[in-house]
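Following: one structure in C-alpha cells, then a few remarks.
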Amino acid sequence: MTLLSALAPRKDVLVGTLTESRFAAGLEDVIAGRAADAYAEPSKFFAQTYPSEGLRTLLNEALGRLLGTRPDAASVLRLETAFGGGKTHNLIALYHAARGRLTAELVPSFMDPAVLAGDSAEPAVAAFVGTTAGASTFPGIAGVAASTPWGYLALQIAGTDGYEIVRQDDETLSAPGSDQLKRVFGGRPVLILIDEIARYLSSAAARKVGDSTLAKQTLAFLMALLEAADSSERVVVVITTAGEADAFAGDTEAVSAALKEVSSLLARKELVLRASGEADLPKILARRLFETDIEHLPERLAIASKYADAADAAHAAGLDLPTDMLGARFAKEIEAAFPFHPDLIRVLDKRLSTIPNFQRTRGALRLLARAVRRIWDAGQDLDLIHLHHIDLSDQVLAEELSSRIDRPLYEPVIRVDIAQQSGGAPSHADEVDARMGTPYGRRLATAAYLFSLTRDVPGVPASLLYGAILAPGDDQNLIAKALDGLENTCWYLHADVRGYRFSTEASLVRLIQEAEDKISGGKVRERATKILSEQYKDSALKVRRAWEDAKVPDNSEDAYLVVYHWDDFGDAKGVDPAKRVPQKIVDTYERAPAGGVREFRNRLVFLAPNAQLHEPMLKAVRRLMALEQLKTTPELLASLGEDKRGEVAKQSSEALGLARVAVCNHVNVLYVPDKKGLESTVLTTVTSASLLPNQTDAVIASLDAMDKLLRDGSKPLDPAWVGTKLGAQFNTAQPTMELARAFARRPDLKLVLDREKLVNLLVAGVRNGVWEYQAPDGGPAGWSTKTRPGPTPRLGEDALMHPPGSAPEIGTEPCPLCGKVHEGVCAEGLGGGGETKAREFAANGSAGPAMVNARQAAVEAGRNTATRLRVSVSTVGDDAGKELQRLLTVPAGAGPKARTIYRVDARVQLDDPSHVVHVDFTGTPGDYGVLREPLRALLGRQASVTASVDITWTEPVELQGPELAAVVTASQSTGPTKCDIRLTTEGDA
C-alpha cells in the first residue's frame, strides 16, 4: 500500500487552484458573501475543516451563551495563537454556526448537540477585522461610513438606529461607555467577532485625539465593550490575539494588558482558547488537502508499524537516531501525524511558524498543496510525506522558502547546495547523489535547510536528520556516507558540535575550494612529487627514484626498490596492473646500467603509479595546499570566527595525512621477480591508520606476505630443497659467497634481506649432509660435515662449499709442514730462525677432551703461554638450551686478567609455525644476566642455537698455569658435549 493508492487529494489540490485566495479568505469577505466557495458555502467549509478541540470549545461556549443553553458560559472568548494558527478559520466556523448553517449530521462532530436546544432566534453578528480597516475609514453600511470600530460595529448590530447611539463618539473619535454599548445591543443576542485588532492599533497609534491617540481610545472602547458584554446575558465577544513572535506582538501585548485590566473589573474572567494545538495540525492539513477519511484508514496502522520497525532495525545496525524514534512510541507518532512524517509537522509548527511571513496553517497549506500535487503528478511511490518531499527544485517552492519569508539570500543556497533548478547546474547535493547512486544527499540537504530557516538556529543534530529522511528499505550506511559527502562538498552547510545548518555565510568548504582554484596544476604535481620522495626512503630495501635518473647497480650486495613517477608514463599517468609490464620497467630489470644483460635480477622490485588513481591523488594534494594557504593568510584568518580558525588548523593537519595516503595509494602497483619474469600485484589500500613513516617498509611487508623474502623472522629454508634448486653448479667446490650470488641471480628463489639466514642455511646444509664446509685455513680439522662437526660455516670468497663426501679423513693426509701423516699439530713445525709455524690450535668434540687436546698440541709445538680461548657450539633440537648453559660454564676460574664475551644467536619455533623468537646477543656475562632466565624458559622447546664464549687474557697466561687449568676443569666437568675449540698462543718460548 502507498499513499497514491490509499489517499485521494481534493480536486483543487490536484488541479493547482488551491491558491492563497482560496485558503486565506477574510472573515469580512465571508460575511459580505465575497469569499471563495470553500469558505462561503458552509457544507464545503465544514467538509474541509477538522473539528479540533479548540474549535469545539469555541462553538460550545459562544453558542451556549448566545442561545441561553449555557448561561454561565464566558462572555469574552480570546483566541490566542500565532498568525496562521487557525484563528480566522475558527471565527468563520463560528459565524456559520451562529447563522444556523451547521447541518444536523455534522453537529456531533463539531459541538455538543445539546447546546443548540435553546432559543432559535438568530443573533446579530458583527465583525471587525484589523487588516481591512484604516485609521479613519471603514466600509460603508446603509449609506453610513463609520470612522471608528465602535461606529462600524454599531451599524452591523443595530443599523442606523444603533449608530445614532454612538454617532457623536464616532465623529469625535472618543470611546463610548459601556451603557451606550448596552443600548446598542438592545437586549438581543449579539455575537461580536474582533480579529487581528493589533494591526489596527498599530496604525491608529499615529492618529492624535486631543491629548490621546486613536489607539488608546480603541483600548478604552474594548474595556467598555467587554464590560457591557459581561453584564448582558446573551452577548459574546470573541477576540483574537497573536503570539509574541508575530510582527505586531508589541501591540498584542497592549491588547492583552487591556483585557487583563478589564478582567480584573469583571466578576467572571475571560476564557482563553487556542484555535488549534500541535496535535491538531496534521489533521487540519490532511482534512483540507485530502478527501479520504484518514483517521479511519486501516493502512495507517500498518505504515506506522513498518516505519517503527525500520527505525529499530537501522538503529540496531549502527545508525544514530533520536531515542524517541525507537520502540512503540514512534509508531504512535506516525499514526498521529499520518500521512505526514512527524518531523515535517514539527518543522512546520515549531520552526517555520515562528517566521512572521509564514502563517502556521496557511503557509503549511501553500507548501503542502504544491508538494502533494507534484507527488501525485509524478506518481511517486511513498508511504509518508517527509520534509524532503517539499521539492526545492520547484522554483515556486524554493521562492516560498526564501524570498517570500524574507530570506532572499537563501535562494543561491538552494540553487548551489540543495536542488538543481530548471535549466541550471546540478547542486552539490545532486552531485553527491550522482556519485553514490542514491537519493540521500538531496533528502538530507532539504531537511537540513528547512530546519535552518529559523533565525539563529543552533543546528540540527545528525541523528535528527537521519530520522527525518529514513524510510523502510533505506540503507543506513549510505545515509551516513551521504551526510559526510554533503559536509565535504556544500558551500553553505556548516557543521559543529551543535549540528548541521545552512546559512548565507560561506562555509569552510567554499573557502577551501576558492583557494584550490588559485593553485596551479604544476605546483600541485611538484608538491605531490615531494611527498612521494618523503614517503619512500632507504630501509632493508634501498630506494632508487626513476625520475631522478638514478642508476640501479647490478650487484649481489644490495636489494633495491625502484620507484617510478606518474610522469614516467606520459598522458596515462601510470600503469594498468592488469596489462603487461611496461617496457621501461622491463628494460631496467633486464639491462645493467653500463649495458649488457643484468646478472642479479633477484635484487630488484619495482613500484609504479596506478593510472586510475591519479586524479584523486591530485585532488587530495590540492586540498592540502589550499588549507595550508588559508592557515598562513593572516587577513583571511582574521575574518573567520575562532571556531573556524581552529577548524582550518585541524583540517590542515588531517589533509597532510590524507595527501600522503593518496600519494601512496596512487603509487601502488608492485612488480616482483618470479620464474616467468615480473609478477604484478596491487598493494593493500593505505589508510590514515596504516600509513607508515617510511612506506618502503609497507612494500617489504607485502613482499613478506607473498613469501618472497628471506629476512629476519622468515621461516628457515630446507637445505635439501635449496640444493635441488641450485643444481649442477654446486656439484663441485664453490666459494660460500656463491650461495648469496645464486639467490641474487635466481628470480625463483627468495629475495635475501638478511644474509645471516644464508649462514644458517649453510649450517643446516652441513648438519643434514646436503653439502660440506671447508674453512679458509684448510686441513682436516678445518672441515665441517654431517658426521664430523667442525668450524662454524660463514660466507666468504675463501670459505668453500663441497658436495657430500669431499672432506678428507683425519690421519690420511700428509702434513704440509713435515710431509708425514699424523694427528694433531705438527711437532716438527719449527722453521729456520726458530720461527713458529702455528699460533692457533684447534680441536673439536666433547669440551673436556677437546680442551686437553688443544692445550697439549700447543705445548708440543713449544708454546708456553695463551692469550685467547674461543669455545663455540652449534646445535638444533630440544637439547639446544642445555648445550648453551653448558657452554656458559666454561669461563669459570679464568682469572682476573680474563675478559669474557658471549655471542648467542638463538631461534625458537613457537606453536604457530609462522611465529619465531630470535635472540641475537653479543656482550659480557654481566650484560647477559637479564636474558639468562627468559632465554632458558624459551629454549625448553624446539630451537637452534649458535653460540660462542671468547676469553681474552690482557696478559698472557701459562698453558700449564692455574687460569687455563681451571677452564679445562670446568670444561671437563660441565662443558658442552660437542663444541669447537680455538686456542691462541703467544710468541716463541
Q. Only one residue in A127, A117 is assigned by TED's automatic domain parsing to the domain that holds L193 and at pLDDT below 90. Which one?
A. A117
Q. Could you say whether any residue in the stretch 720-742 is out of contact with any helix residue (DSSP H, G or I) (no Cβ under 9 Å at 6 or more places or on another chain), among the charged types (D, E, K, R) and loosely packed, with under 14 Cβ neighbours inside 10 Å?
A. no
Q) Residues in the stretch 554-564 that are touching a Pro at 6+ places or on another chain (Cβ under 7 Å) and surrounded by fewer than 22 Cβ atoms within 10 Å (Cβ to Cβ): how many? A) 1
Q. Going through the stretch 311-330 one residue at a time, which ones are buried (at least 19 other Cβ atoms within 10 Å of the Cβ), in contact (Cβ under 8 Å) with a residue 12 or more places away in the chain and part of a helix (DSSP H, G or I)?
A. A311, A314, M325, F330
Q: Kindly indicate the residue of the stretch 183-200 that is outside any loop (DSSP other than H, G, I, E, B) and touching a Ser or Thr at 6+ places or on another chain (Cβ under 6 Å) and also farthest from L214 (Cα to Cα) among those meeting that condition.
A: F185
Q: Output the number of residues of the stretch 52-73 satisfying the condition of being touching a residue at least 60 places away in the same chain (Cβ under 8 Å) and in contact with a Ser or Thr (Cβ under 9 Å, 6 or more places away or on another chain).
A: 6
(Q) Just to be sure I understand, how many residues within the stretch 456-494 are in contact (Cβ under 8 Å) with a residue 12 or more places away in the chain and part of a loop (DSSP other than H, G, I, E, B)? (A) 15
(Q) Return the residues of the stretch 746-777 that are within 48 Å of the chain's Cα centre (by Cα) and over 17 Å from L717 (Cα atoms); say none if nothing qualifies. (A) none
Q. Can you tell me which of R936, R932, R870, R941 is at pLDDT 90 or above and not aliphatic (A, V, I, L, M)?
A. R870
Q. Looking at this structure, is R982 in contact with a strand residue (DSSP E or B) (Cβ under 9 Å, 6 or more places away or on another chain), part of a loop (DSSP other than H, G, I, E, B) and either in contact (Cβ under 8 Å) with a residue 40 or more places away in the chain or surrounded by fewer than 21 Cβ atoms within 10 Å (Cβ to Cβ) (or both)?
A. no
(Q) Among the residues of the stretch 430-456, what is the count of those that are aromatic (F, W, Y) and closer than 19 Å to Q476 by Cβ? (A) 1
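Looking at the structure I just gave you, is T946 of a type in the set (S, T, Y) and touching an Asp or Glu at 6+ places or on another chain (Cβ under 9 Å)?
When the stated conditions are applied, T946 passes them.
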Q. Tally time: how many residues in the stretch 932-962 are more than 18 Å from V890 (Cα to Cα), assigned to a strand (DSSP E or B) and touching a residue at least 60 places away in the same chain (Cβ under 8 Å)?
A. 3
Q) In the stretch 570-590, which residues are charged (D, E, K, R) and in contact with an Asp or Glu (Cβ under 9 Å, 6 or more places away or on another chain)? A) K573, K584
Q | Residue within the stretch 593-603 that is crowded, with 18+ Cβ neighbours inside 10 Å, among the acidic types (D, E) and closer than 23 Å to V752 by Cβ present | A | no
**Q.** Qualifying residue in the stretch 521-532 (condition: among the hydrophobic types (A, V, I, L, M, F, W, C), touching a strand residue (DSSP E or B) at 6+ places or on another chain (Cβ under 8 Å) and either modelled with pLDDT of 90 or more or surrounded by fewer than 19 Cβ atoms within 10 Å (Cβ to Cβ) (or both))
**A.** yes
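In the stretch 411-427, which residues are within 31 Å of the chain's Cα centre (by Cα), surrounded by fewer than 23 Cβ atoms within 10 Å (Cβ to Cβ) and not acidic (D, E)?
Within the stretch 411-427, the first condition is being within 31 Å of the chain's Cα centre (by Cα), and the residues that meet it are 411-421, 424-427.
With the extra rule that they be surrounded by fewer than 23 Cβ atoms within 10 Å (Cβ to Cβ), the set shrinks to 411-412, 415-416, 420-421, 424-426.
Within the stretch 411-427, P412, R415, V416, Q420, Q421, G424, A425, P426 meet the criteria.
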Q. Among the numbered criteria (1) crowded, with 17+ Cβ neighbours inside 10 Å; (2) more than 22 Å from L77 (Cα to Cα), which single criterion is violated by A215?
A. (2)
Q. Does G862 satisfy the condition of being outside the structural domain of P716 (by TED's automatic domain parsing), surrounded by fewer than 21 Cβ atoms within 10 Å (Cβ to Cβ), not hydrophobic (A, V, I, L, M, F, W, C) and not in a helix (DSSP H, G or I)?
A. yes
(Q) Looking at D920, D950 in this structure, which one is in the same structural domain as G895 (by TED's automatic domain parsing), acidic (D, E) and more than 52 Å from the chain's Cα centre (by Cα)? (A) D950
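The values are calculated or read from the model by the stated rules, or taken from the named source; none is laboratory data. Predicted model, so just to flag it, every value in this text is computed and none were measured. Heads up, the Cβs are rebuilt from the backbone with ideal geometry, glycines too, and the neighbour counts pull from every protein chain shown.
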